[in-house]
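Just so it is clear, none of the values below were taken in a lab; they were calculated from the coordinates. Note that the structure is predicted; figures quoted are calculated from it, not measured. Neighbour counts are summed over all protein chains in view; Cβ atoms, including those assigned to glycine, are modelled from backbone coordinates with ideal geometry.
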Amino acid sequence: MPDPTLIPPSMIRPSKQVPVLRPWRLTTAEILYHLPDHPTVLQSFIWQQMDLDPDFPILRRFLDFWRREIEGTLHSVRIAAADLHGPRWRHADHMLRLQ
């Protein structure tokens, strides 16, 4: 009988009972767009939502809506995503007391 610790990787199948964590991230997008009445002027719009990294389907759906329904032509979009599942605090290296 083979040693169970030496199972080849091709024989390992994921269990259907183990949930797969999707990479949800707090996504912030800075959207620059041209003002409809003054096309040489850029305006900034900040959008923030929980979204799936790296495809960002919710942001893509919002940008598709923007292109269809909003008059301001998109100039550029900057995206930042933060993982909220990790530790939210760090240990301090030093403690200072102000008197």
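Observations on the model:
- Calculated SAXS-style log₁₀ I(q)/I(0) at q = 0.12, 0.14, 0.21, 0.26 Å⁻¹ - region 22-82, Debye, Cα scatterers: -0.30, -0.40, -0.79, -1.06
- Whole-Hz couplings from phi, Karplus 6.51/-1.76/1.60, listed for region 69-80; x for Gly and Pro: 10, 10, 6, x, 6, 5, 9, 7, 9, 10, 10, 10
- Between Ile70 and Ser44, the distance separating the two model label sites (each 7 Å from Cα on the Cα→Cβ line) works out to 1.5 nm.
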